[in-house]
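K.L.:
Got a structure for you, written out below as structure tokens; questions coming shortly.
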Amino acid sequence: MSFNNLTRRGLIQTGVVAGAGLALPTYLRADAHTGFTNAPTGSTVTLGFNVPQTGPYAEEGLDELRAQELAVEHLNGEGDGGMLNTFSSKALQGNGILGKKVQYVTGDTQTKSDAARASAKAMIEKDGAIMINGGSSSGVAVAVQGLCQEAGVIFMAGLTHSNDTTGKDRKANGFRHFFNAYMSAAALAPVLKNAYGEDRRAYHLTADYNWGWTQQESIAAATEAMGWETVNNVLTPLASTDFSSYIAPVLNSGADVLVLNHYGGNMVNSLTNAIQFDLLSKQVNGKDFQIVVPLYSELMAAGAGSNVQGVIGSMNWNWQLQDEGSKAFTRSFGEKYGRPPSNSAHTCYVQTLLYADAVERAGSFNPCAVAEALEGFEFDGMGNGPTLYRGEDHQCFKDVLVMKGKENPTNQYDTLEIVEVTPVEQVMYAPDHPMFGGADATLGECNPGA
Amino acid sequence: MDAILLQFLNGLDKGSAYALIALGLTLIFGTLGVVNFAHGALFMIGAFCSVTVQRLLTLSHETLSETEKDFLGNPLKIKTPYVQDWFGPEVGASIIDWSVPLAILLAIPVMLIIGFVMERGLIKHFYKRPHADQILVTFGLAIVLQEIVKYFYGANPIPTPAPAAFAGSFDFGALLGLDTVIAYPYWRLVYFGFSALIIGAVFAFLQFTTFGMVVRAGMADRETVGLLGIDIDRRFTIMFGIAAAVAGLAGVMYAPINSPNYHMGMDFLVLSFVVVVVGGMGSLPGAVLAGFMLGILESIASMNEVKAILPGIDQIIIYVIAIIILLTRPRGLLGRKGVMEE
């Protein structure tokens with residue numbers, strides 16, 4: 001190596017350029033001046049909507065994005081206001097958030113944890129997003145929640161149903177409005193008992209990843225507590241498309257109920273395969289064979305078509321609810337997009353409004369002030385009845401819907417019907433419940449990013 | 001024993017799909033020497049031919065209900081398919097019910113045209129390029145095709161049911177006088193029969209027609225056939241179209257088994273390539289044999305009893321078998337000497 005070309009002037013020039021380069025990111029980060037990441041300094045504030053825009057959940061991501069755009073419109077005083085008119089908190093005035101016009105950027109999670117983290121990181125670091133919202137998978141939610149915790153921004157989760165999101169993986173900067181696997185099981189068990197009796201033998205097919213495990217653990221515990229026996233639990237790879245070899249042995253296992261702990265494409269395919277094997281017309285142990293799908297979504301039900309008819313499951317929210325909040329949101333969404341919203345759209349819309357409301361009530365965008373405003377917040381008018389954002393784990397507690405595939409649908413959106421609205425008291429649990437990480441699970445410290 | 005029989009039956013329809021796709025792949029490789037990674041996309045397009053026919057047959061006009069309301073409280077729009085106007089409610093409903101078998105009529109010309117266009121428009125420019133280039137360009141083409149399908153049909157699976165006459169399952173256990181239920185869906189039986197028919201037709205075409213004889217001669221020695229004044233390239237182009245049609249027909253009839261989605265071709269592609277390699281590159285009987293063999297073994301490996309001994313074996317069985325066969329028979333089960341060995 002030779003240093004023959006090194007001159008004093010060159011050294012100074014190089015040093016200045018390198019120093020400026022190193023200092024630039026620090027200069028661009030507002031936290032250097034305000035004490036928290038991406039503090040808005042102009043007349044606008046930027047929210048980051050991180051949803052699956054490609055990949056198998058793209059349709060669900062598109063519906064989330066529709067709802068998020070609608071929420072931004074309503075926050076900025078455009079449109080009919082939607083749930084702002086029914087929300088019990090009146091802090092939001094339709095003039096943005098703290099007087100700043102709301103704008104947004106979007107990222108594509110691709111339903112992959114690494115891609116979701118990369119897109120969230122880009123929105124935080126390049127676009128200055130102060131809050132990240134959205135997603136259709138628990139793996140993605142846990143990954144992005146961790147990133148937001150490190151970056152010092154608030155994460156308002158979208159569709160994530162694993163117990164772990166607000167259980168062992170809970171974070172001080174992360175909040176979940178959507179219900180979870182434990183709540184699904186707690187709501188479903190009494191309905192299943194009434195519909196199918198106490199003496200049942202259940203065979204579980206479970207998607208072999210985080211959400212599937214917690215869903216199976218929850219529904220097995222709830223059904224066993226009411227007298228059902230779990231005959232078998234078979235883990236199925238997430239990449240499976242043909243479930244026939246997993247379903248074929250069910251009829252000879254002595255089980256009279258098949259529980260499909262599957263979501264998305266897995267659910268559509270496994271349910272379709274089960275119907276092809278004619279399980280619902282069989283009799284086992286002197287009883288009619290039944291199928292249960294613990295987690296439903298409208299888009300997946302549409303994918304399964306007539307196969308969902310008569311099959312019981314649960315949902316976080318449904319557009320058929322007749323409370324004023326649900327009607328207002330369904331009307332706004334329906335008039336803008338010509339279709340009723342899905343429950344993933346609903347949770348993203350509500351989360352965006354809840355974040356904005358918390359900022360208004362806190363009087364600051366500082367994520368720790370926002371978190372404090374959300375913790376223990378009780379509200380109504382958002383579609384699920386009186387709701388609590390519990391401070392200990394950042395999980396919303398509200399009524400849960402038990403659904404059934406509609407026997408005679410009148411149109412393409414009329415696939416599911418509400419069987420029961422399970423009151424929130426029935427789905428409550430302690431913050432240190434063993435399925436949620438036990439006493440070891442903690443939120444940690446809020447990180448403002450400074 | 002009953003469980004093994006059950007999984008054997010189960011493996012037949014999986015094997016049918018593998019065999020049909022692998023057959024098309026082998027036809028293309030054997031004739032044109034092209035490694036076609038877009039072949040799974042052709043299977044997917046075939047499945048979407050079913051969706052398209054279903055949508056065409058359910059094209060409807062709307063009337064406003066006087067009594068029922070939609071989700072916004074407006075009068076409900078009741079859709080009546082045109083075919084029910086033209087042929088009456090019952091006949092119209094039957095035509096819609098049979099949309100998947102009817103889709104075969106659409107799929108054959110569509111897949112032939114797609115095959116010709118693919119071969120003439122893109123793939124012929126890569127004949128003399130390394131296999132790595134062929135894989136890259138056809139893989140890229142597969143992604144383009146699936147994104148086009150996603151643009152028009154969305155990302156969600158689209159339910160495409162089989163005719164109501166084939167709903168339910170047949171109990172082989174009762175047929176064999178066994179106490180246990182060995183249920184096998186009727187449509188999967190149809191799929192197996194259909195696959196056997198297509199495979200038989202392709203072999204008969206190659207074996208018993210002059211065109212097939214020339215193609216086989218071309219596969220064995222392209223240069224000599226060309227020197228005889230035969231336009232072998234044109235025949236190979238036609239074979240590409242036929243291979244596309246075979247993949248497409250496999251997709252058409254597969255649509256009721258798993259609701260079509262834009263990604264379904266990729267799910268089959270890698271496995272089908274393994275099938276081709278295990279069967280022997282360029283060997284049509286090898287592709288069919290390996291397709292059924294691996295389909296059945298994959299089903300048997302997913303038995304709880306097997307997984308209790310070897311956890312996760314259902315996910316790797318095909319690759320384990322491929323490794324064993326390639327170690328013991330490097331050219332695959334029925335591979336010919338000299339193929340991909342230069």
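K.L.:
Going by the conditions given, is A:Ser253 of a type in the set (Ser, Thr, Tyr), over 28 Å from the mean Cα position of the chain (by Cα) and in the same structural domain as A:Gly286 (by TED's automatic domain parsing)?
P.N.:
It is true that A:Ser253 is of a type in the set (Ser, Thr, Tyr), over 28 Å from the mean Cα position of the chain (by Cα) and in the same structural domain as A:Gly286 (by TED's automatic domain parsing).
K.L.:
Within the bounds of the range A:70-92, is there any residue that is more than 22 Å from A:Ala358 (Cα to Cα), among the aromatic types (Phe, Trp, Tyr) and either buried (at least 21 other Cβ atoms within 10 Å of the Cβ) or within 14 Å of another protein chain (Cβ to nearest Cβ) (or both)?
P.N.:
The answer is no, given that none of the residues of the range A:70-92 is more than 22 Å from A:Ala358 (Cα to Cα), among the aromatic types (Phe, Trp, Tyr) and either buried (at least 21 other Cβ atoms within 10 Å of the Cβ) or within 14 Å of another protein chain (Cβ to nearest Cβ) (or both).
K.L.:
Name the residue that is surrounded by the most Cβ atoms within 10 Å (Cβ to Cβ), counting only residues in the range A:203-231 that are part of a strand (DSSP E or B) and free of Cβ contacts under 8 Å to residues at least 60 places away in the same chain.
P.N.:
Per the criteria, the residue is A:His204.
K.L.:
May I ask you to say which residue of A:Ser136, A:Ser119 is assigned by TED's automatic domain parsing to the domain that holds A:Ala369, part of a loop (DSSP other than H, G, I, E, B) and of a type in the set (S, T, N, Q)?
P.N.:
One residue alone meets the criteria, A:Ser136.
K.L.:
List the helices (runs of 4 or more DSSP H) inside the range B:235-342, counting only whole elements, that have at least 3 residues being surrounded by fewer than 19 Cβ atoms within 10 Å (Cβ to Cβ), away from chain A (no Cβ under 14 Å) and without any contact (Cβ under 8 Å) to a residue 12 or more places away in the chain.
P.N.:
Per the criteria, B:313-328.
K.L.:
When you go through (1) in contact with a helix residue (DSSP H, G or I) (Cβ under 8 Å, 6 or more places away or on another chain); (2) more than 12 Å from every other protein chain (Cβ to nearest Cβ); (3) not in a helix (DSSP H, G or I) one by one for B:Glu66, which number turns out not to apply?
P.N.:
The failed condition is (1).
K.L.:
Which condition does A:Ser344 not pass, out of (1) at pLDDT 95 or above; (2) touching a Phe, Trp or Tyr at 6+ places or on another chain (Cβ under 7 Å); (3) within 14 Å of another protein chain (Cβ to nearest Cβ), if it passes all the others?
P.N.:
(2)
K.L.:
Right, something else. Applying the selection to the range A:237-255, what residues are more than 21 Å from A:Lys282 (Cβ to Cβ) and aliphatic (A, V, I, L, M)?
P.N.:
Selection gives A:Leu238, A:Ala239.
K.L.:
Quick check: anything in the range A:160-173 modelled with pLDDT of 95 or more, in the same structural domain as A:Leu354 (by TED's automatic domain parsing) and within 22 Å of A:Thr54 (Cβ to Cβ)?
P.N.:
yes
K.L.:
Okay, moving on. When residues of the range B:156-197 are filtered for being in contact with a helix residue (DSSP H, G or I) (Cβ under 6 Å, 6 or more places away or on another chain), away from chain A (no Cβ under 13 Å) and among the hydrophobic types (A, V, I, L, M, F, W, C), how many remain?
P.N.:
1
K.L.:
From the list A:Val350, A:Val359, which one is in a helix (DSSP H, G or I), touching a Phe, Trp or Tyr at 6+ places or on another chain (Cβ under 6 Å), away from chain B (no Cβ under 14 Å) and of a type in the set (A, V, I, L, M)?
P.N.:
A:Val359
Okay, residues lined up against (1) surrounded by fewer than 20 Cβ atoms within 10 Å (Cβ to Cβ); (2) within 21 Å of A:Asp63 (Cβ to Cβ); (3) modelled with pLDDT under 95:
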residue: A:Ala122; (1), (2), (3): yes, no, no
residue: A:Lys126; (1), (2), (3): yes, no, no
residue: A:Ile130; (1), (2), (3): no, no, no
residue: A:Asn133; (1), (2), (3): no, yes, no
residue: A:Ser136; (1), (2), (3): no, yes, yes
residue: A:Ala141; (1), (2), (3): no, yes, no
residue: A:Gly146; (1), (2), (3): yes, no, no
residue: A:Val153; (1), (2), (3): no, no, no
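K.L.:
Among A:Met382, A:Met435, A:Met428, A:Met403, which is crowded, with 22+ Cβ neighbours inside 10 Å and closer than 23 Å to A:Ala220 by Cβ?
P.N.:
Of A:Met382, A:Met435, A:Met428, A:Met403, the one residue that is crowded, with 22+ Cβ neighbours inside 10 Å and closer than 23 Å to A:Ala220 by Cβ is A:Met403.
K.L.:
Can you name the condition, by its number, that A:Ile418 falls short on among (1) surrounded by fewer than 16 Cβ atoms within 10 Å (Cβ to Cβ); (2) in contact (Cβ under 8 Å) with a residue 40 or more places away in the chain; (3) under 30 Å from A:Glu150 (Cβ atoms)?
P.N.:
Answer for A:Ile418: the failing condition is (3).
K.L.:
Going by what's in this entry, would A:Tyr57 be described as out of contact with any helix residue (DSSP H, G or I) (no Cβ under 8 Å at 6 or more places or on another chain) and under 30 Å from A:Tyr263 (Cα atoms)?
P.N.:
Criteria met by A:Tyr57.
K.L.:
Being among the acidic types (Asp, Glu) and part of a helix (DSSP H, G or I) is the filter here, so list the residues in the range B:183-225 that pass it.
P.N.:
The answer is B:Glu223, and nothing else.
K.L.:
Hey, can you tell me all the residues within the range B:214-258 that are closer than 27 Å to B:Ala167 by Cβ and modelled with pLDDT under 90?
P.N.:
B:Asn258
K.L.:
Based on what the data block shows, is A:Val102 buried (at least 24 other Cβ atoms within 10 Å of the Cβ) and not assigned by TED's automatic domain parsing to the domain that holds A:Leu299?
P.N.:
no
K.L.:
Still on this structure: Give me the pairs, please: first residue somewhere in the range B:94-121 and basic (Lys, Arg), second residue anywhere and in a helix (DSSP H, G or I), beta-carbon distance under 8 Å, and either six or more positions apart or on two chains.
P.N.:
So the pair list comes out as B:Arg120/B:Thr237.
K.L.:
Filter the range B:159-173 down to residues that are at pLDDT below 90 and within 19 Å of B:Thr58 (Cβ to Cβ) and give me whichever is farthest from the chain's Cα centre (by Cα).
P.N.:
Out of the qualifying residues, it is B:Ala167.
K.L.:
Quick one: in the range A:34-61, which of the residues that are within 14 Å of chain B (Cβ to nearest Cβ) and in a loop (DSSP other than H, G, I, E, B) is nearest to A:Ala239 (Cα to Cα)?
P.N.:
A:Pro56
K.L.:
Follow-up. Can you find a residue that is within 19 Å of A:Gln149 (Cβ to Cβ) and part of a strand (DSSP E or B) anywhere in the range A:102-114?
P.N.:
yes
K.L.:
For the range A:247-258, name all the residues that are at the interface with chain B (Cβ under 7 Å from one of its Cβ atoms) and crowded, with 24+ Cβ neighbours inside 10 Å.
P.N.:
Within the range A:247-258, A:Ala248, A:Leu251 meet the criteria.
K.L.:
Give the residue that is nearest to A:Val231 (Cα to Cα), with candidates limited to residues of the range A:266-294 that are of a type in the set (D, E, K, R) and at the interface with chain B (Cβ under 8 Å from one of its Cβ atoms).
P.N.:
Step by step, filter the range A:266-294, then rank; the result is A:Lys282.
The values are calculated or read from the model by the stated rules, or taken from the named source; none is laboratory data. This structure is a prediction, so every number in the text was calculated from the model and none was measured. Using ideal geometry, Cβ is built from the backbone for each residue, glycine included, and neighbour counts are taken over all protein chains shown.
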